[in-house]
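Remarks on the structure that follows.
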Amino acid sequence: MAVLVTGGAGYIGSHMVLRLADAGESVVVLDNLTTGFDWSIDPRATFVAGNAGDMDLVARVIAEHKVDAIVHFAGSIVVPESVADPLKYYGNNTATSRNLIEAAVKGGVKHFIFSSTSAVYGSAGLEPVSEETRLAPESPYGRSKMMTEMMLSDVAAAHPITYGVLRYFNVAGADPKQRSGQSAPNASHLIKVALLAALGRRADVGIFGTDFPTPDGTGVRDYIHVTDLVEAHALLLQYLRGGGRSTTMNCGYGRGYSVRQVIDTVKAVSGVDFKVVEQPRRAGDPASVVAKSDRVRQVLGWRPAHDDLTEIVTAAMNWERYLATRNR
Ligand code: UD1
């Protein structure tokens, strides 16, 4: 029995591989290394280079390793890029997932865990969103993930497979043991960008929009530590293997921080007062996205251990410093 982790060389996937290997699971990583790094794959896992949408390859991996569960991280994740290049997102996210799901069904895989996103909700208002909130994605990225959620629901109704969809809010931080972290040099997400400015590797940080209907006018997000996020996946896998029904769950803490609050935290943690430039809104960005996370807590018994923005930023900064020594 083995778990196939697609995108296991990427940011979140590599943390999941660590979590599974720490628990003694047999893990196979499938990654095409377009955005991931082979050095970030835990050596306890078997690495297969290739595309998650390559049905022949996936069929061979499933049969050879007796895969009973797939955790599907591989995909593209940048909201504004999806607005500029929607077909990339419908290819890498929707079409690839479709092929992977078909290979899973044909190969007799029992459980499928899918990385979805809070972007499926769009601008749901300032209140936290529950899983019952109507889906209204505002970007091709959000729509590409929503379509995969729909496919999974239809496929699980027709075939003997159960699934878990986890809708991630804003994932940040790094492995507390410093074995992995956000390593993409041009990652565009806020905490990474602010840290690069704090470490003198960028001139400034832009605030994309100061006229949102939020308390300080900047975008509000629910930042979740990557280690808490992968813990939810591990609990979900246990639940599905134990006969749990297919489910969809938000993964966030249920509280939001504005862009200004995040920048202030990065300044406080780093001790560097880097330059901040107010800019117009970015395409596809909702004002506020905060999770209602009762379901993951109640059904899986998930108890976050790192729900603290200062801890999240500190972990990310330590990883950034480590990367700088690695790249020297
Ligand atoms: C992020 C994820 C997305 C995920 C979503 C879930 C990335 C690249 N994207 O999107 O995959 O589905 O969370 O909620 O990780 N901002 C600035 N200046 C910057 C960068 C960002 O002001 O230089 C602002 C944005 O406008 C936004 C907030 O910071 O209000 C967070 O942006 P970002 O970190 O890019 O993540 P999301 O777009 O929310």
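The values are calculated or read from the model by the stated rules, or taken from the named source; none is laboratory data. Just so it is clear, the structure is predicted and the values come from calculations on it, not from any experiment. Here the Cβ positions follow ideal geometry from the backbone for every residue, glycine too, while neighbour counts run over all protein chains shown.
Criterion applied to SER270, SER288 was being modelled with pLDDT of 95 or more and touching a Leu at 6+ places or on another chain (Cβ under 9 Å), and the one residue passing it is SER270. Applying the criterion of being over 27 Å from LEU166 (Cα atoms) and among the hydrophobic types (A, V, I, L, M, F, W, C) to the residues of the stretch 272-297, the residue that is farthest from the ligand (Cβ to nearest atom) is VAL272.
Does ARG143 satisfy the condition of being at pLDDT 95 or above, in contact with a strand residue (DSSP E or B) (Cβ under 8 Å, 6 or more places away or on another chain) and in the same structural domain as THR35 (by TED's automatic domain parsing)? When the stated conditions are applied, ARG143 does not pass them. Can you tell me which residue in the stretch 60-87 is surrounded by the fewest Cβ atoms within 10 Å (Cβ to Cβ), limited to those that are within 18 Å of the chain's Cα centre (by Cα) and part of a helix (DSSP H, G or I)? Here the answer is PRO80.
The set of residues in the stretch 38-79 being touching a Gly at 6+ places or on another chain (Cβ under 6 Å) and within 16 Å of the ligand (Cβ to nearest atom) consists of PHE73, ALA74, VAL79. Do we find a residue being part of a loop (DSSP other than H, G, I, E, B), within 21 Å of VAL120 (Cβ to Cβ) and either within 16 Å of the ligand (Cβ to nearest atom) or out of contact with any helix residue (DSSP H, G or I) (no Cβ under 6 Å at 6 or more places or on another chain) (or both) anywhere in the stretch 261-271? Checked against the condition, which is being part of a loop (DSSP other than H, G, I, E, B), within 21 Å of VAL120 (Cβ to Cβ) and either within 16 Å of the ligand (Cβ to nearest atom) or out of contact with any helix residue (DSSP H, G or I) (no Cβ under 6 Å at 6 or more places or on another chain) (or both), the stretch 261-271 yields no hits at all. Residues of the stretch 39-49 that are in a loop (DSSP other than H, G, I, E, B), touching a strand residue (DSSP E or B) at 6+ places or on another chain (Cβ under 6 Å) and either of a type in the set (Val, Ile, Thr) or surrounded by fewer than 21 Cβ atoms within 10 Å (Cβ to Cβ) (or both): ILE41 alone. Between a residue in the stretch 248-270 that is outside the structural domain of LEU166 (by TED's automatic domain parsing) and any residue that is within 10 Å of the ligand (Cβ to nearest atom) and part of a helix (DSSP H, G or I), which pairs come within a Cβ distance under 6 Å, given they are 6 or more apart or on different chains? What qualifies is VAL262/LEU190; ILE263/ALA194; VAL266/ALA194.
When restricted to residues that are out of contact with any His (no Cβ under 8 Å at 6 or more places or on another chain), outside any helix (DSSP H, G or I) and not aliphatic (A, V, I, L, M), the stretch 221-260 contains 19. Close Cβ contacts (under 6 Å, 6 or more residues apart or on different chains) running from residues in the stretch 193-222 that are surrounded by fewer than 16 Cβ atoms within 10 Å (Cβ to Cβ) to residues that are part of a loop (DSSP other than H, G, I, E, B) and modelled with pLDDT of 95 or more comprise ASP211/GLY217.
Would you check if there is a residue in the stretch 195-217 being over 16 Å from SER270 (Cβ atoms), away from the ligand (no atom under 14 Å from the Cβ) and outside the structural domain of VAL79 (by TED's automatic domain parsing)? No, the conditions are met nowhere in the stretch 195-217.
Among the residues examined, ARG134 does not qualify as under 28 Å from GLY243 (Cα atoms), within 11 Å of the ligand (Cβ to nearest atom) and either among the β-branched types (Val, Ile, Thr) or outside any helix (DSSP H, G or I) (or both). If you go through the stretch 117-131 and keep only what is surrounded by fewer than 24 Cβ atoms within 10 Å (Cβ to Cβ) and at pLDDT 95 or above, you end up with SER130, GLU131.
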